[in-house]
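Notes follow once the structure below has been shown.
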Amino acid sequence: MCGIFGVIGKDNNSAQTVLNGLKKLEYRGYDSWGIAIKNNGQIKIERHVGKIGQAQTKLPQSTIGLGHTRWATHGGVTIGNAHPHLDCTKKLCLVHNGIVENFRSIKESLTKTHRFSSETDTEAALHLIEEKTKSGSFLKGFQKAFSQVHGMNAFIILNAKTNELFAIKNGSPLTIGLGKNENYISSDVWALLDHTNKVIFLEDNQMAHISQDSVKIFNVKTGKSIKPKITTLNWQAEQSKLGKFHHYMEKEIFDQPKVIDNLVRLDKKIIKKTADLISQTSKTYLLGCGTAYYAALVGEYLLNFLGIDANAIIGSEFSKNKNLLTQDKAFIMLSQSGETIDVIEAVNLAKKRKMPITAITNVLGSTLYRKADEKILLSAGQEVAVASTKAFTAKLAILLQVYYYLKGDLKAGKQLISQSAKVSQKIIKGKTRQLIKNIAKKIKDVDNMFVIARSLSFPIALETALKIKEVSYIHAEGYAAGELKHGPIALIDQDTPCIVIAPNDNTYTDTISSAHEVKARGGFIIGLSHENNPVFDEFIQVPDLKEATVIPNTVIAQLLAYDLAIARGLNPDKPRNLAKSVTVK
Ligand code: BG6
């Protein structure tokens, strides 16, 4: 949550460079933004509430600057709480990503001698740094202050006295970019690609001293210097340009057929490694948050179909399993960003228990990617829209291949998944596209919706409801179709549309019966199925691709959510109150 960015170099344009960096990081939080630079020995700051949009910076020329885009955790969405924050001397300026869990006690210990001007937890850490760096080496003081800060945090600080940038992290991500005549620091790599593809991923409890022509890394605990590990990324900034699309969500939905096709060509060895891990261990846990958790749930169903003991776990509910974590069990961690804090905490504990960890993630070099034993990259290209789309179907394409491999039929599985890419392409480009738009227009004013399905399609019903909630703010609930009559059916009336996902499998008949129960209470039925049925008020045809039918069903759900957002005049890329990569609890 929150995006932080810093630059130091010979180019006198740091305010604009920081602004461009923040625009790339804005999916991490868009409650407010701010930039600070040093000019004529003074720190000059601008802070704004709301999204950056087309804003231009008014700050003067400078060779050093930093900035922040906020997802509020402590203190309302106000100018006063917007970052960057200044210390009492107005010579230290800080931006922060994370939560200073002990900010109250720090603030109490400093209130008599320091002036606080915001409600944020961040400012407490800043004044503590000011206090500890009053004399002696700045680096030592910074190190001491950070060791007294509790929680998962990343800070960038501009020291105007020495014209230097310092950065430090534990938990929240930070990456250094090595440029020509300039060095950069950012919450993630995407904001660095316009400048360089040479990066240093800061590890937990590391700090960096960044000047115009050098980057030095130190261990926070020992103060010892560390030889930086430079990674060269083969990504182009171009890949994440919007192009002819209106929104990133639309672009990323359209990216899916190609992404899935690429994954069908994934080397059998990679699939085999994960399949072997699953068959050599007594139990498999699949863990994720939000959309990634629903992919984990698809994984659980597929493995259970094969009689394999597997459980999907919601990242933030992981602690309930902690006494079950033994070395003979395997962990598959699913995370688009590879930075979601609840996933990283689970990784840290599983590593302590020496459990084999496989990461399925979209970001090379992310914390999850670096910490896992086995890594499967989704290679879906950057996912900018807050609501995850292509990273989800990419995860399904990988889990389906592991399933078909364990079933001893990978070849047929790859064919079905490749077909699902073709069917998805037809849905995106063909008549179905207009049909979905028409349905969205018809139901755009409802407040509530249900999405029901059974068995392997149940996680897709949950994901469908999540997408609709995330971007259209309609309160959609995903339900196991068989569960509806045990309570929620009380909410069904003619103003509550119900999407019924009814693929041609052994649940078809029962799912259609559930649709009839809804219809009997006046419900408006939108059927996703291989054949039409009189119970459907609207019918969207989805060819039968066996287990791989989950992919085109998902693409239809994503398009409906997108069209509902557009029909309701909303921006699907930056839904209110959300952010892309959740690095706070
Ligand atoms: C949320 C995103 O912040 O985090 C969701 O808005 C996403 O789209 C969830 O599913 C989990 O993120 P990740 O990166 O761990 O897959």
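The values are calculated or read from the model by the stated rules, or taken from the named source; none is laboratory data. Every value quoted in this text rests on a predicted model; they were computed, and no experiment measured them. Positions of Cβ are backbone-derived with ideal geometry, glycine not excepted, and every protein chain shown enters the neighbour counts. Just so you know, the surface numbers come from the protein's heavy atoms only, side chains and all, with ligands and any DNA or RNA stripped out. Shrake-Rupley method; radii C 1.70, N 1.55, O 1.52, S 1.80 Å.
Worth pointing out:
- Taking every alpha-carbon pair within region 11-92, the share separated by more than 21 Å comes to 24 percent.
- Top positive-direction residue, dipole computed over the chain with Cβ charges, set Ile8, Gly53, Thr284: Ile8
- Other residues whose C-beta falls under 13 angstrom from the C-beta of Leu462 contribute a net charge of -2, scoring Lys and Arg +1 and Asp and Glu -1.
- Average accessible surface for region 1-65: 35 Å² per residue, computed with a 1.4 Å probe over protein heavy atoms with every protein chain in place.
- Ordering Ala502, Ala145, Ser420 by Cα displacement along the dipole of the chain toward the positive end leaves Ala145 in first place; charges were set at the Cβ atoms of Lys, Arg (+1) and Asp, Glu (-1).
- The fraction of all Cα pairs in region 377-478 landing in successive 5 Å bins from 0 to the largest distance is 2, 10, 14, 19, 24, 16, 9, 4, 1, 0, given as whole percents.
- Contact order, relative form, for the chain: 12 percent (alpha carbon pairs under 8 Å, 6 or more residues apart, mean separation divided by residue count).
- Per residue solvent-accessible surface (Å²) - region 134-267, probe of 1.4 Å: 44
- Per residue accessible area of region 285-364, 1.4 Å probe, in Å²: 34
- Two-site FRET efficiency, Lys273 against Phe245, from Cβ-Cβ distance with R₀ of 22 Å, rounded to 0.05: 0.05
- Relative contact order computed over region 129-224 (Cα-Cα under 8 Å; 6+ residues apart), in percent: 23
- Sequence-separation-based contact order of region 269-340, relative, with Cα cut under 8 Å and 6+ spacing, percent: 42
- For His530, distant residues with modelled amide H under 5 Å away: Asn504, Val542
- Ranking by accessible area, most exposed first, for Ile79, Ile341 with a 1.4 Å probe: Ile79, Ile341
- Every pair of different Cα atoms in region 431-585 enters the Kirkwood calculation, which places the hydrodynamic radius at 15.5 Å.
- Share of carbon and sulfur in the accessible heavy-atom surface of region 229-355 [1.4 Å probe, %]: 51
- With Cα atoms, 0 to 90° folded angle of helix 341-352 axis to the chain main axis: 90
- Taking each residue as 0.36 nm, the span from Lys180 to Lys444 lengthens on full extension beyond its C-alpha to C-alpha distance by 90.0 nm.
- Rounded to the nearest 10 Å², the accessible area of Cys289 at probe 1.4 Å: 40
- Nearest 10 degrees, 0 to 90: helix 431-443 Cα axis against the chain principal axis: 80
- Relative packing of peptides 547-556, 93-102 - highest average C-beta neighbours within 10 Å first: 547-556, 93-102
- Heavy-atom accessible surface of Asp544, to the nearest 10 Å², is about 70 Å², with a 1.4 Å probe and all protein chains retained.
- Dipole check for the chain: with +1 at the C-beta of Lys and Arg, -1 at the C-beta of Asp and Glu, and the Cα centre as origin, the magnitude is about 1760 Debye.
- Ranked order, Glu517, Glu300 - accessible area, probe 1.4 Å, largest first: Glu517, Glu300
- Bins of 20 Å, starting at 0 and running to the largest distance - Cα pair percent for the chain: 21, 50, 26, 3
- Projecting the Cα atoms of Ile489, Leu545, Gln558 onto the dipole axis of region 480-585, where Lys and Arg carry +1 and Asp and Glu carry -1 at the beta carbon, places Gln558 farthest toward the positive end.
- Cα-Cα separations in region 176-240 greater than 14 Å, expressed as whole percent: 56
- Accessible area of Asp493 (1.4 Å probe, protein heavy atoms only, ligands and nucleic acids ignored): about 60 Å².
- Charged side chains reduced to their Cβ positions (Lys and Arg at +1, Asp and Glu at -1) give region 99-256 a dipole of some 720 debye around its Cα centre.
- In region 133-231, Rg over Rh equals 0.94, where Rg is the alpha-carbon radius of gyration and Rh the Kirkwood radius from pairwise Cα distances.
- Carbon and sulfur %, accessible surface of region 104-217 computed with the full protein complex present, 1.4 Å: 47
- Two-site label geometry, Glu203 and Gln148: point separation in nm, points 7 Å out along Cα→Cβ: 2.8
- Sorting 220-233, 458-471 by their mean Cβ neighbour count within 10 Å, with the most densely packed peptide first, gives 458-471, 220-233.
- Zone residues, region 535-577, relative to His516, backbone N less than 11 Å from point 7 Å out along Cα-to-Cβ: 535
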